[in-house]
Amino acid sequence: MVSVDSKHLNTLINLCRKGYREHQEELYLMFYNYAMSICLRYSKDREEAVEIVNDGFVKLFGHLDRYKEHTSFKAWLRRILINSSIDYYRRNEKHYHNVDISYAKHEFITEDALSKISEKEIIQIIRELPPSYRIVFNLFVIEGYNHREISDKIGIGVGTSKSNLAIARSKLKRRLLTMNQPRILGHG
Amino acid sequence: MDDKDFDKIIREKVDAFQDSGHDAHALTDLRDRLSHLPAIKNAWTGGRTAYIVGSLALFTLINFGIVWYFSEGRYAVLTDEIGQLKNERIQFISLQEELVELKASRVDTVYVYRDLLTIRNTGAAGLQSNNDAFVTDNRYESPQSDPFIASVADYGLTSNNRITRHGMPKYLPEVAIFEQPESPIKPEKKRIPNKTLWALEKHNHKGLDFQFGIEGMFHKSIYDFGTGDINGSLGFMTEVIFSPVLRLETGIHFGGRSYRIKEHEIKDLPPDFFDDYPGYDDQIGQLIGLESDAKLVKIPINLKVFGILDHNKKWYASAGITPEWATEQELEYKYALNAAKPPVGGAEYSSFIGSKQEISSAFYVATLNLGAGTEVYLNKQLRWQIGVFYQKGLSKAGVENRKLHGFGVKSSIWFNKP
């Protein structure tokens, strides 16, 4: 029941606020898969996603007093996880070897063909994108940020953000086509 | 398919993705990272509790300290004054007894050294005239000063020369003995006027005085949007008595405040009214009822002005503020399901869901207080006050940020030091 869950969640959050470790772990396990669903698309593998999730939860437990009870906890957690993903990207930016020199090419894929791709496969091909394309694509397409906001958040120019998005789309479409050649009846 | 459609489909698929994997090391890693963090919130919670307990202890200590300090100093003066008054009272009683004794032992035998007194006229008028002469000659200052002498006209003489009623001899004897009737002296009790009492109290008041009391009150809150309940509270109070006219009342009250918003009242409220209510979720169903219960610790601070009504009664008027600390607040929502489709012939709603939201503590400067009442002196150490009050919300109170006002009655027993 929604009411019971809501009450239990608020009680749990209050206990976490007071620093009870066992209740923090309970909250962590309760939202672990939800958090992973978000962080997996920002990371190259599961290990990296776990690290981002744990970064996010450490921040969350440190700032639980800022959480307003009448707002959605899931939405608040999601925002923290996205910021953790951005922080992770910026922290590791210098380790990424951006040897990928790509140009956006027009790729054509039908809606019908795209609908045959599973959610898990979509996540998988997003994770295969180079980090700089992946983060722009996620922030623009999934989270709804504009290029100005993306440039502020990850420290790139607006033009770079637009370019990265176009290349990310192109790569994804191409990958979708090649990945599911037997299933997709490609056009053009 | 253009980019916009492509993005939309990708977004829908990504949002629908639910990870179901399990990473055994994830929790271990989190534990390891949390172990490096101090349990700040535990310390903070304890600190706040300690702060509250400490503040209350300090408040109590200051009150008792002030009382002790001033009482000790004043006791010496008071003891001296009481000693003096006791001595004066003993002297007064002694003098009063002496006076009574003296009045009672007034000479009741009159020795007349004159041989004879001739009655020049007969009849009552003549006798009175002779009596006047008799009294004057025998050194009575005034015949009217002695009621017995004044009524001598009613008396006559017997054969053995005693004056009796109804006898009317021609000559008075050499010696006449007048028996004075018993005349008890009973001092009349006179009530001192209120004005004098009040002036005396003002005159006798020295320095600060204190009294402690237990106060109970019943209060009804009034809200524009719902129905306030009648709530009670119990308080431990102190009055700092600056003068017979002016006192400062403060203390600590424990009580509650509750209200409910019923379905018909909800319908009249603006759509965004419940946005400030924590835990309110219109996705559950249509809200058809709300109950708010708060446990409060209140610290009333009131100035009280007194005036005299009677030798043991005073009136008072008071004004002040009451900061409040909501130690706990519970909001209970009642939602209706299928509100749009009531079952035919059945209740309006097919089912309900209750949702409770418990809110942690918060502090508010809550109300402006105005009050009036009366104080009755039960005995030297015990006073009873009863009065009415009105409260006006100064700031928005409660986690839902609502202003309130209300009224109530309160009664208190005050203990003054002996």
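Contact order normalised by length for chain A, with contacts defined as Cα pairs under 8 Å and 6 or more residues apart; what percent is it? Could the numbers behind the result be given before it?
On the way: 157 pairs, mean separation 42.5, N = 188.
Reported relative contact order: 23 percent.
Could the peptides B:224-230, B:275-281 be put in order, highest first, of the mean number of other beta-carbon atoms found within 10 Å of their residues?
Output ranking for B:224-230, B:275-281: B:275-281, B:224-230.
Using r as the Cβ-Cβ distance of B:ARG89 and B:LYS313, and R0 as 35 Å, what FRET efficiency do you calculate, to the nearest 0.05?
Once rounded, the FRET efficiency stands at 0.85.
Roughly how crowded by other chains is peptide B:24-36, in terms of the mean Cβ count from those chains within 10 Å of each of its Cβ atoms? Kindly include the intermediate steps, with their values, before the conclusion.
Values: counts 0, 2, 13, 6, 0, 4, 13, 5, 1, 6, 10, 1, 1.
That works out to 5 on average.
Shielding of A:36-42 by partners, i.e. mean partner chain Cβ atoms within 10 Å per residue?
4
Calculate, for B:ILE222 and B:LEU99, the FRET efficiency according to 1/(1 + (r/R0)^6) with r their C-beta to C-beta distance and R0 41 Å; round to the nearest 0.05.
E(calc), rounded to 0.05, equals 0.05.
Modelled label-to-label distance, B:GLU81 and B:PHE236, 7 Å Cα→beta-carbon offset: nm?
The answer from the label model is 3.0 nm.
For the pair B:ILE321 and B:HIS264, how long in nm is the line joining their label points, each one 7 Å along Cα→Cβ?
3.9
I'd like the orientation of helix A:21-39 relative to chain A: the angle between its Cα long axis and the longest Cα principal axis, in ° from 0 to 90, rounded to 10.
20
Between B:TYR390 and B:ASP272, what's the calculated FRET efficiency when r is the beta-carbon distance and R0 is 41 Å? Round to 0.05. Present the calculation step by step, with values, prior to reporting the outcome.
On the way: r = 30 Å, r/R0 = 0.74.
Given R0 = 41 Å and the Cβ-Cβ separation, E is 0.85.
Cross-link list B:LYS86/B:LYS202; A:LYS59/A:LYS162; A:LYS18/B:LYS304; A:LYS7/B:LYS4; A:LYS116/B:LYS334: which exceed 32 angstrom alpha carbon to alpha carbon?
From the list (B:LYS86/B:LYS202; A:LYS59/A:LYS162; A:LYS18/B:LYS304; A:LYS7/B:LYS4; A:LYS116/B:LYS334), the Cα-Cα distance tops 32 Å for A:LYS18/B:LYS304; A:LYS7/B:LYS4; A:LYS116/B:LYS334.
Give me a single rounded figure for A:118-128: the average over its residues of other chain Cβ atoms within 10 Å of their Cβ.
3
With each pseudo-label sitting 7 Å past Cα toward Cβ, what's the A:ASP87-B:ASN204 distance in nm, one decimal?
Computed distance between label sites A:ASP87 and B:ASN204 equals 7.3 nm.
Can you tell me the equivalent ellipsoid semi-axes for segment A:1-90? Use √(5λ) from the Cα gyration tensor, largest first, whole Å.
23, 13, 12
Let me check something: with ligands and nucleic acids excluded, how do A:GLU48, A:GLU111 order by accessible area (1.4 Å probe), largest to smallest?
Details: A:GLU48 10, A:GLU111 110 Å².
Sorted descending by solvent-accessible area, the residues read A:GLU111, A:GLU48.
Order the following by accessible area, largest value first: B:THR374, A:THR178, A:THR11. Probe radius 1.4 Å; ligands, DNA and RNA are ignored.
From most accessible down to least: A:THR178, A:THR11, B:THR374.
The values are calculated or read from the model by the stated rules, or taken from the named source; none is laboratory data. Computed from a prediction, not measured in an experiment: that's the story for all the values here. All Cβ positions, even for glycine, are placed from backbone atoms using ideal geometry, and neighbour counts span all protein chains on display. The protein model used for the area step is the full one, side chains on, heavy atoms only, and it has no ligands, DNA or RNA in it. Shrake-Rupley method; radii C 1.70, N 1.55, O 1.52, S 1.80 Å.
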